[in-house]
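Input: a single structure, listed below in structure tokens.
Please treat every number below as a calculation from the coordinates, not as lab data. None of the values given here were measured: they were computed from a predicted structure. Glycine gets a Cβ as well: all are built from the backbone with ideal geometry, and neighbour counts include every protein chain shown.
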Amino acid sequence: MQKKEFLRKLQQKRFIIATHVYGTGASQDLVRYLTDHKAKAVLFIGHPLFYDPNLSGSSYTFYVKGKKIYSHEDQNHRIPLFIGYFLHMMKSFIWVLKHPGVWDVYVGSNNLNAFVGICLKRFGKIKQVVYYVIDYNPVRYSNPIVNKLYHWLDQFCVLRADATWNLSPRMEEGRKKYFSFSGGNQKTVPVGLWLKDIKKRGTRSYEPHTLVFLGHVQKKQGIQHIIEAIPMIIKKIPDFRFAVIGGGKYLEELQKQVKLLHIEKYVTFAGYISDHRKIEDTLSKCAAGIALYDMKDGNNVSFSYFGNPTKIKTYLSAGLPILLSDVPYNAREIEKEGCGKIISYDPKEIASVIIHVFSNPSVLMRYRTNIIHYRKRFDWNTIFEYQLQNLI
């Protein structure tokens, strides 16, 4: 289909995107794509991923031809997780019924939201359903009954959705390996980035000795290993700085670790930042990003192994070389393309790599130049256009 013909069809279609929210993600990028290209109507439904005072309650926003018409937001209350999920599903169902007419495409991010779309299709409110799989893990819940229910629902959605968008090929492989399940219209749809935003930002000067972490602050993210390496790093790079952007329960533990090592002036904790423009501005001032995903989450394989972490594409968008563990499916590709380096969790190795990269401007510049070419293949406009052509 020619691009002009595709865009003409897109502008005649009505879309619903339903997701759970913690910061921004692929679902919000899809909303942006659809509103930028003036789809006939877009209804965005967002629910808090978990209770956090920084997160809004369940909400919806309605757009017509790219313009926001109205929105609604509930208060965010602390309630048991599974009761909250049930209420989220009911709200989505009611909010869609509240809006008249039949919708052409419903994109449900995670199996709960996709399940709602499949039910609405049975009611004749939806023509096509996309199951957008943002994260996947064979042991999603420690309770075996709940975990079995979760994967039954996952497989139900894969079989009954018109398309399943997996962030990485490991999601489809995981269903086969752990559950002997295959079927459905499964596609790999990687996390993208906005090349036009990069062009608008242009080239900015950066602090050549500043490392940054972006994301939900958890023990499995390996930030503690980086902090442990800092006393070794500052012996060679006295003006080294480590910026941590993100909130989480583990943040307090990291702050204690920093005090014990007496390195308070080398580490900054920015906390949770909701404004993506502020995040981009902070990243653009840094020299490199770090993503030390752990292969294990307790006794189980981590989500990062099966996914395509948004953090990596955010770093690439900001032009940051990536120091990462060999966990995400594209880690070796990033190293092969000269856009970063795979490292272990050993603080001595972390210190050695950071000292080498930050002490050699030519090495840092070579990484950043390679990134300019590598990231072109991940433009959201290209990714969404290719996938939506099969639906509209």
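Here are a few things to note about the model shown:
- Rg and Dmax of segment 231-336, both derived from C-alpha coordinates alone, stand at 15.0, 39 Å.
- Segment 17-80: radius of gyration over Cα atoms, expressed as a fraction of 2.2 N^0.38 Å: 1.16
- For segment 35-181, the mean projected area of the C-alpha convex hull, equal to one quarter of the hull surface, is 9.7 nm².
- Across segment 111-126, coupling constants 3J(HN,Hα) worked out from phi with the 6.51/-1.76/1.60 Karplus curve, θ = phi - 60°, read 5, 5, 5, 5, 4, 4, x, 5, 5, 5, 5, 4, 7, x, 8, 10 Hz, and Gly and Pro carry x.
- Computed over segment 335-392, the alpha-carbon pair-distance distribution with 5 angstrom bins reads 4, 15, 17, 17, 13, 10, 8, 7, 5, 3, 0, each value a whole percent.
- For a straight C-alpha distance cut-off of 18 angstrom, the aspartates and glutamates reachable from Lys256 (same-chain residues fewer than eight places away being disregarded) are Glu228, Glu264.
- Radius of gyration and Dmax over the Cα atoms of segment 140-188, both given in Å: 10.8, 30
- Whether segment 299-357 is rounded, prolate or oblate, judged on the alpha carbon gyration tensor where a/c under 1.5 counts as rounded: oblate
- Residue-wise HN-Hα coupling along segment 313-327, computed from phi with Karplus coefficients 6.51, -1.76, 1.60 (Hz; x: Gly, Pro): 5, 5, 4, 4, 4, 7, x, 8, x, 10, 9, 9, 7, 7, 10
- Measuring against 31 Å, Cα to Cα, the residue pairs Lys177/Lys278; Lys127/Lys336; Lys38/Lys127; Lys3/Lys341 contain Lys177/Lys278; Lys127/Lys336; Lys3/Lys341 as the ones spanning a longer distance.
- With 30 Å as the limit, the listed pairs Lys125/Lys376; Lys249/Lys296; Lys121/Lys313 have Lys125/Lys376; Lys121/Lys313 beyond it between alpha carbons.
- In the calculated pair-distance distribution of the chain, the portion above 28 angstrom amounts to 48 percent of the Cα-Cα pairs.
- Rh by Kirkwood over Cα pairs, then Stokes-Einstein D for segment 196-377 at 1.567 mPa s and 4 °C, µm²/s: 79
- Cross-link partners of Lys65 among aspartates and glutamates, defined as those whose alpha carbon lies under 19 angstrom from its own and excluding same-chain residues fewer than eight positions apart: Glu5, Asp29, Asp36, Asp104, Glu385.
- Longest segment of the chain lacking trypsin sites (Lys or Arg not before Pro) that sit in a DSSP loop with at most 13 other Cβ atoms within 10 Å: 250-392
- Considering segment 280-392 at the alpha-carbon level, its Rg and Dmax are found to be 15.4, 53 Å.
- Helical content alone sets the calculated 222 nm signal of the chain at -13000 deg cm²/dmol, taking -39,500 (n - 2.57) per DSSP H segment of four or more residues and averaging over every residue.
- Computed log10 I(q)/I(0) for segment 59-106 at 0.29 Å⁻¹: -1.22, from the Debye equation with unit scatterers placed on every C-alpha and solvent omitted.
- Under the criterion of Cα pairs below 8 Å and six or more residues apart, the relative contact order for segment 45-113 equals 24 percent.
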